[in-house]
Each structure stands twice: as C-alpha cells, then as structure tokens.
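The values are calculated or read from the model by the stated rules, or taken from the named source; none is laboratory data. What you are looking at is a predicted structure, and each value in this text was computed from that prediction instead of being measured. Counting neighbours? That spans all protein chains shown, and the Cβs are built from the backbone with ideal geometry, glycine included.
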Amino acid sequence: MNTHHVPSPPAPATEPGRAVFTPSFLADPHPVVDGLLARGSLHRVTHPTGRTVWLVTHDADVRSCLRDTRLSLSHTAPTPGSDSAAPTQCPDTATALAGQGTAAPVAGPGTRTLLEMDGPEHLRLRRLAGRALSLRAVRHQRAAVERRAERIARQLRSVDHVDLVRDYAVPLSFHTICDTLGLPPRHRASLFRSASVLQNPARHPGHLVDHHRARVRARLGEELRRRRRHPGSRDGMDRVAQAWSADPGLGEDLVVTLCETMLLTASGVTAHMIGTGLLALLERPHLVDELCRGDLPADRLVHELLRWETVTPFSTRRTATADVPLTHATLPKGAEVYLCFASANRDPNRHADPATFDPHRSTTTGHLAFGLGPHYCPGGALAVLEIEVALSSLFRLFPKARILDDPATRVWNGSFLERAPGALPARLAGALPIAVPRAGTGSNGPAAGATR
Ligand code: HEM
C-alpha cells in the first residue's frame, strides 16, 4: 500500500504502476494489473507527462469510488499532451499511447460530454441518453442487429483476405449505432469517413480532425432539428429530440455532443470488444462448439468476456474534491485518480479463480466493465446485445473459422484506457489469409467495408 500526501514527490521510475503507460501493457495488461492487485489497492504513479496520478485497483474500492460523488469529473482539468486531454464518453477513445501524440477530445473545445459533468447538470443531459438507449428500445433492435450481422458475415464468403476486425466487427458496430439512432443510409459513407478520423485523431492533422468534427456535428444537428419539427420516427434521435423538447433550456451544443459521442464511442468500443471476443473464441474452439450447440448461453459468454478481458482497463480520470477513505487507505484531496476496471474484474476477493475464462461461472454479471453509479454506461445493454449477436452469427455461419496470425506478433491498438486487437486475419470457409498489418496501421476505426 502506498502512502498518500498531496503534493507528492516524483515517484521512482521503477514504480510498478508506471508499466500501465508502456506499449507492453497493450499486448498483455494482466501481469501488470495482477501485480498491482497483489501490492494493494491504492498506487501513486507518475504519468508520462510528469503528473502524479493515483490508481485504485481492488474491486471493493473501485465500486465505492464509482459511487462516490466526491470524485468529480467536472473538476478534472485537461492536460495538453496527455490522454486526459481527451474527455470521452466511454474511456476508450483516447487512442494515442499515453505519452505519445495528443489525442483530441471526442467533443471539440467549448462542448462537454457526460464524462465531464457531475450532479444535476450531468443528470439533466444523461436523461436524453437514457431515452435513446432504454432497455425497451434496445430489445426492439435485436432482429435488426441479427439481420445486419448475418448480412455482413455472408458477404465475407466472397472476401479473399478476411480481417474480422476490419470486415466484420467495425462495420457491424458502426451500422448498429446508426440504426439505433436512425441515421439515414445515404449519409453513412460520409459519417463513416469522419468517424474513422475522429476515433483516431492523433493520426491526423488537426485541421482535418476539425473539418470532420464540424461535418459530423452539422449532420447530427440537422437530424435533431428535423425530428423536433417532425416528431414520431421513434428512433434514437427522435427520442433524444423529444426529451430535449421537454427541456428546451438545454443548449443545442450539448445535445449534439451527446449524439456525437454516442455515435463515436458506440462504434469504437463495441467493435473493439467484438474483436476481443472473436479472438477469445477463435482460440477456444470447444467454446465455439458449445455456443453453436446451444449449450452456452450467449449472454453469459459475453459478460464473462467483459470481465476477463476488460476492453477499457481504466475509468475516465476523476479528481478527489475531498479526502476519500478507501478500505485500507485514503485518497487525498486533489488527487487525480483512475479506477481500474481490469483489476477489479480479476480481484480474487470478488471472482473465484479470476484468471480462468469460464463462461459457466456463477458471477459472470458481477463485473465492472460498464462502470457503476451515476456514470454507468448507458450503452451497456446495446453493447451486450450486439456482441452476443456478433459472436453467435459469425460462428453459426463459420463454425470452423480459424485465426491465422501469430500471437507473438499480434498488433494491439489503443492505450492504457482501451485495448483491442488491431486485426484478426482468419480463415472462414476456404478464404485466403491476409497479410498482417504493421504496428500502428491496424484497423482501429471503421473501415471502408463498413459502408457496404
Ligand atoms: C463493450 C462496449 C462498451 C463498454 C466496455 C463501455 C464502457 C463504459 C464505461 C466503463 C463507462 C463509464 C466510464 C467511467 O465511469 O469513467 C461508460 C460510459 C458511457 N458509455 Fe459506454 N461502453 C460500451 C458501449 C457503449 C455504447 C454502445 C454506448 C452508446 C450507444 C456507450 C455510451 C456511453 C456513454 C454516453 C457513457 C457516459 C455515461 C455518463 O457519463 O453518464 N457505451 N462506458
């Protein structure tokens, strides 16, 4: 357990938590996370920018912190050149490795996302997201997601070099969120190009990022205004627009930002989790057999995947506005803190034999992959549905699918806030292998195939 005083002296370069900011964390975060778990729950770490940040790792403490309103998101000032310059809806969209590049915010300057708000202001905007992503609305989506997944998977039969991230996970998640929000097919090709830039801002010049952001925001603003004039389409944008009509004081910028971040994060993080899930199953053909036979309920499988290979290892950064007591330590006032979902999801005090991937375990739904408390992911139900359908549909059509790359040279994309396989070259039914892309060129955003 670390001691904790603010301001803290620079921590030594050997501090164990520093490893979360290195590229090897992307390839395999578990040795680092397990090491932190074993050492204690509170860890002071020097961020590559030189700032001192704190990591909370034990399940019980991560849970209490997620519910604790003294840990503020609105008090967290962005720091140029760090991940924290990228306030995101899900903590996945800051794609630059920590300490490298500058990830631009999902929302542009002057606009704020839900994960930069607290209290009544947050609740007021969050209600709109809740309307678009309600359980009822998501249930109605199932048949459409199944049709979409099946259609994309069938097209793979004629693709020579299949990359299941680029050709399946990415287009499926992009179209699913567009269908959920009700974005017209004629605008999707252009939205798709913009989304791929905005999801990887560090890879593009600033003026291009600004151009695409303006284009997406103009389209979403137009869709919202149209639904306010002509309500009744009963899609996600319609539900947001109607909830906004009931609260007209809410600024258009904030509502557009909400829709923008739903579009970008839903298509990004869900695609990453589908890729992670496909990989886990491709490496375990016996589970594919169980799934195809109907002996493995897809929802249990998905929740165990979310627990075992948490796609967003850390929360968005929070700031302690007071001393916050944890089980065996105190987070000092002023501390900047990341809550570690990945370690909580492998905490032996919560999950028996946590390193084992066992979709038949009784605690599959006790994970924190979607967070908890006021900022609990409102897209969780949609994401679970989509991952379930993605895995079931692909393996129903291609039960003998095989992964073709070498695990030792596999490309992982993301940062300590998010990780996912960059490509999944696979043999489905006689399709040829693809060349594995070089590091950093993997398809982390929607690819051209998404608009097929
Ligand atoms: C596997 C997929 C997903 C994962 C693992 C995930 C994870 C998370 C997590 C952990 C948070 C809370 C972060 C924190 O408290 O610091 C969050 C928040 C959020 N997520 Fe997701 N998410 C996923 C899919 C989605 C989808 C599909 C949508 C929208 C359609 C979405 C929209 C949001 C929004 C709007 C927030 C902010 C909520 C708030 O601040 O009140 N997410 N997500």
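Would you call Gln141 of a type outside the set (D, E, K, R) and surrounded by 16 or more Cβ atoms within 10 Å (Cβ to Cβ)?
Details: of a type outside the set (D, E, K, R): yes; surrounded by 16 or more Cβ atoms within 10 Å (Cβ to Cβ): yes.
Yes.
Can you work out which of the residues in segment 383-414 that are of a type in the set (Ser, Thr, Tyr) and out of contact with any Asp or Glu (no Cβ under 6 Å at 6 or more places or on another chain) is nearest to the ligand (Cβ to nearest atom)?
Applying the filter and picking the extreme gives Ser392.
Quick check on Ala246: is it under 24 Å from the mean Cα position of the chain (by Cα) and more than 19 Å from Pro185 (Cα to Cα)?
For Ala246, the condition - under 24 Å from the mean Cα position of the chain (by Cα) and more than 19 Å from Pro185 (Cα to Cα) - is not met.
Considering only segment 212-226, state which residues are surrounded by 14 or more Cβ atoms within 10 Å (Cβ to Cβ) and either in contact (Cβ under 8 Å) with a residue 40 or more places away in the chain or over 16 Å from Arg112 (Cα atoms) (or both).
Hits for segment 212-226 are His212, Arg213, Arg215, Val216, Arg217, Arg219, Leu220, Glu223, Leu224, Arg226.
Would you check if Val302 is among the β-branched types (Val, Ile, Thr), modelled with pLDDT of 95 or more and over 20 Å from the mean Cα position of the chain (by Cα)?
Judged against the criteria, Val302 is not a match.
Among the numbered conditions (1) part of a helix (DSSP H, G or I); (2) touching a residue at least 24 places away in the same chain (Cβ under 8 Å), tell me where Leu250 comes up short.
Condition (1) is where Leu250 drops out.
Can you tell me which residues in segment 118-136 are within 19 Å of Thr265 (Cα to Cα) and either in contact with a helix residue (DSSP H, G or I) (Cβ under 7 Å, 6 or more places away or on another chain) or at pLDDT 95 or above (or both)?
Correct list: His122, Leu125, Arg126, Arg127, Leu128, Ala129, Gly130, Arg131, Ala132, Leu133, Leu135.
Answer yes or no: is there a residue in segment 283-304 that is outside any loop (DSSP other than H, G, I, E, B), of a type in the set (Gly, Ala, Ser), crowded, with 24+ Cβ neighbours inside 10 Å and touching a residue at least 60 places away in the same chain (Cβ under 8 Å).
Taking every residue of segment 283-304 in turn, none turns out to be outside any loop (DSSP other than H, G, I, E, B), of a type in the set (Gly, Ala, Ser), crowded, with 24+ Cβ neighbours inside 10 Å and touching a residue at least 60 places away in the same chain (Cβ under 8 Å).
Criterion first (touching a residue at least 24 places away in the same chain (Cβ under 8 Å), at negative phi and not in a helix (DSSP H, G or I)) does Ser233 satisfy it?
Yes, satisfied.
Across segment 30-77, what is the number of residues that are within 11 Å of Glu336 (Cβ to Cβ), hydroxyl-bearing (Ser, Thr, Tyr) and outside any loop (DSSP other than H, G, I, E, B)?
Adding up the residues that qualify gives 2.
Of Thr327, Thr319, which residue is over 19 Å from the mean Cα position of the chain (by Cα) and part of a strand (DSSP E or B)?
Every option except Thr319 fails the conditions.
Can you tell which of Gly380, Gly371 is free of Cβ contacts under 8 Å to residues at least 60 places away in the same chain, among the small types (Gly, Ala, Ser) and within 11 Å of the ligand (Cβ to nearest atom)?
Of the residues listed, the single one that is free of Cβ contacts under 8 Å to residues at least 60 places away in the same chain, among the small types (Gly, Ala, Ser) and within 11 Å of the ligand (Cβ to nearest atom) is Gly380.
So, in segment 383-406, of the ones that are touching a residue at least 60 places away in the same chain (Cβ under 8 Å) and more than 29 Å from Met262 (Cα to Cα), which residue ends up surrounded by the most Cβ atoms within 10 Å (Cβ to Cβ)?
My answer is Ala401.
So how many residues does segment 377-411 have that are in contact with a Phe, Trp or Tyr (Cβ under 9 Å, 6 or more places away or on another chain), closer than 25 Å to Phe25 by Cβ and not small (Gly, Ala, Ser)?
Of the residues in segment 377-411, 1 are in contact with a Phe, Trp or Tyr (Cβ under 9 Å, 6 or more places away or on another chain), closer than 25 Å to Phe25 by Cβ and not small (Gly, Ala, Ser).
Exactly one condition in (1) more than 16 Å from the ligand (Cβ to nearest atom); (2) more than 23 Å from Ile177 (Cα to Cα); (3) touching a residue at least 12 places away in the same chain (Cβ under 8 Å); (4) not aliphatic (A, V, I, L, M) is not met by Phe314; state its number.
Answer for Phe314: the failing condition is (1).
When you look at Leu339, is it within 16 Å of the ligand (Cβ to nearest atom), touching a residue at least 12 places away in the same chain (Cβ under 8 Å) and over 20 Å from Gly277 (Cα atoms), yes or no?
Working: within 16 Å of the ligand (Cβ to nearest atom): yes; touching a residue at least 12 places away in the same chain (Cβ under 8 Å): yes; over 20 Å from Gly277 (Cα atoms): yes.
When the stated conditions are applied, Leu339 passes them.
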